[in-house]
Amino acid sequence: MAAYAVALGLSPDVALRALTSDSARMMAIGERVGRIAVGLDGDVLLLDGAPLEPATSVLRAWVNGEEIR
């Protein structure tokens, strides 16, 4: 849906923020997740393209500091 919103004119930065920090704040967990910052919990994805491009694939993923295979 975020990619669709970008296709209709939403800024890619705003769309990505809607998937991360804005949604964490709405769920009242923004003090723990939603941004990359020291002391926050986070999972990391290594992608082969832009996050909102439909053709982008996940190459590697880390959850709770452990690589998922």
For this session: Pick out which of GLY30, GLY49, GLY39 has the largest mean-square fluctuation in a Gaussian network model of the chain, springs linking Cα atoms closer than 10 Å.
Result: GLY39
Exercise. Say R0 is 35 Å: what FRET efficiency, to the nearest 0.05, do VAL63 and MET26 get from their beta-carbon distance?
Worked result: 0.95
For this session: Would you mind getting the Kirkwood hydrodynamic radius of the chain from its Cα pairs, rounded to one decimal in Å?
Result: 13.2
For this session: Compute the FRET efficiency between ASP41 and ALA5 as 1/(1 + (r/R0)^6), taking r as their Cβ-Cβ distance and R0 = 22 Å, and round to the nearest 0.05.
Result: 0.25
Exercise. Quick one: accessible area per residue over the chain, 1.4 Å probe, rounded to a whole number of Å²?
Worked result: 79
Exercise. Carbon and sulfur: what percent of the chain's accessible surface (1.4 Å probe)?
Worked result: 60
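The values are calculated or read from the model by the stated rules, or taken from the named source; none is laboratory data. Treat the numbers as computed from the prediction; the structure is a model and nothing was measured. All Cβ positions, glycine included, derive from the backbone under ideal geometry; neighbour counts span all protein chains shown. Please note that ligands, DNA and RNA were not included when accessible areas were found on the heavy atoms of the full protein model with its side chains. Shrake-Rupley method; radii C 1.70, N 1.55, O 1.52, S 1.80 Å.
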